[in-house]
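The values are calculated or read from the model by the stated rules, or taken from the named source; none is laboratory data. The structure presented is a predicted model; accordingly, all values stated were derived computationally and were not measured. Quick reminder, even Gly has a Cβ in these numbers, built from the backbone with ideal geometry, and neighbours come from all protein chains shown.
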Amino acid sequence: GTGKSFLIEAIKCLVDDIWHPKSSEIMCAIVAPTGIATFNVGGLTIHRLFQLPIEHEGKTAGYWALSKEAQKRIKMTLKNLKIIIVDEVSMVSNLNLAYLHMRLEDIFGTDEWFGSKNTLFVGDLLQLPPVNGRPVFNKISNKLVKTRLGAANAVNIWKETVEYDELTINERQKGDETFFIMLDSVRHGCQTDDTIDTLKSRVFNVSIQEKYKELESEETNPPICLFS
């Protein structure tokens, strides 16, 4: 609730105001690791836009270069790119961070970090971690460097390239200090007895089957009512 999505939208509007992109141009690329995350910020998945290797049967494929035709198409799409915003960065693995850097190197023909493009990572590193991967700030293991990147060694890209800043004012829970403290304690994994008691007091002492029958009799939509 500190305004991350608001900040992303503000940056996009600023880019639009300065450069006035055409409808077919991408000057501010907003991406996230999952489709649900992209919905919140009006972006694309990081894999779709940059055509990164995807997971198959629980394993992420090794890095592969784009064909000449595919590289030509993506270059045209991103030729006027000014900034890349990666949302929900806690769910981006260190391997996918390396893939992103390598793909941008290929697209823009440079060995500068992230294709020499301004890159902003947004998110809360205490939220959901990557699925079947290591956090973005961890160094890639020597085994993955060899099998997935085809290299002899790797640096910690996050440590080498990222400057950290923090939004500290919680706007969403403003005016409800008790709820804010409770959420913050859960976030840091240091719940107090009061927090636990408050959460327990919100538990419904009714079975799912009973609730379903009750909702069904009221001619409502049970799935929406049960999980809203």
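Here are some notes:
- Taking every residue in region 1-28 that is on the phi > 0 side of the Ramachandran plot and pairing it with any residue that is in a helix (DSSP H, G or I), at least 6 positions away or on another chain, yields no pair with a Cβ-Cβ distance below 7 Å.
- Scope region 79-100; condition over 10 Å from PHE50 (Cα atoms), in a helix (DSSP H, G or I), out of contact with any Pro (no Cβ under 6 Å at 6 or more places or on another chain) and of a type outside the set (Gly, Ala, Ser); matching residues: VAL89, ASN94, LEU95, ASN96, LEU97
- Residue check for LEU120: part of a helix (DSSP H, G or I) and modelled with pLDDT of 95 or more: no
- Selection within region 155-186 - assigned to a helix (DSSP H, G or I) and surrounded by 12 or more Cβ atoms within 10 Å (Cβ to Cβ): ILE157, TRP158, THR161, PHE179, PHE180, ILE181, MET182, LEU183, ASP184, SER185, VAL186
- Pairs, first in the same structural domain as ILE54 (by TED's automatic domain parsing) and more than 14 Å from ALA98 (Cα to Cα) in region 126-150, second surrounded by fewer than 16 Cβ atoms within 10 Å (Cβ to Cβ) and among the acidic types (Asp, Glu), C-beta under 7 Å, six or more apart: ASN132/GLU55
Rundown of residues vs (1) at pLDDT below 90; (2) surrounded by fewer than 16 Cβ atoms within 10 Å (Cβ to Cβ); (3) in contact with a helix residue (DSSP H, G or I) (Cβ under 8 Å, 6 or more places away or on another chain), yes/no style:
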{"position": "THR45", "(1), (2), (3)": "no, no, yes"}
{"position": "LEU52", "(1), (2), (3)": "no, no, yes"}
{"position": "LYS59", "(1), (2), (3)": "yes, yes, no"}
{"position": "GLY62", "(1), (2), (3)": "yes, yes, yes"}
{"position": "ALA70", "(1), (2), (3)": "no, yes, no"}
{"position": "ILE74", "(1), (2), (3)": "no, no, yes"}
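- The sole residue among VAL122, VAL162, VAL145 that is among the β-branched types (Val, Ile, Thr) and within 26 Å of LEU66 (Cα to Cα) is VAL145.
- Scanning region 89-109 turns up at least one residue that is in the same structural domain as LEU149 (by TED's automatic domain parsing) and loosely packed, with under 15 Cβ neighbours inside 10 Å.
- Only one of the numbered conditions (1) in a strand (DSSP E or B); (2) within 30 Å of LYS143 (Cα to Cα); (3) not acidic (Asp, Glu) is not met by ARG48, and that is (1).
- Residue check, ARG148 within 14 Å of LEU49 (Cβ to Cβ) and not in a loop (DSSP other than H, G, I, E, B): no
- For region 21-43, filtered to residues that are under 30 Å from GLN173 (Cα atoms) and hydroxyl-bearing (Ser, Thr, Tyr), the residue that is surrounded by the most Cβ atoms within 10 Å (Cβ to Cβ) is THR38.
- Meets criteria (surrounded by 13 or more Cβ atoms within 10 Å (Cβ to Cβ) and at pLDDT 85 or above) for ILE18: no
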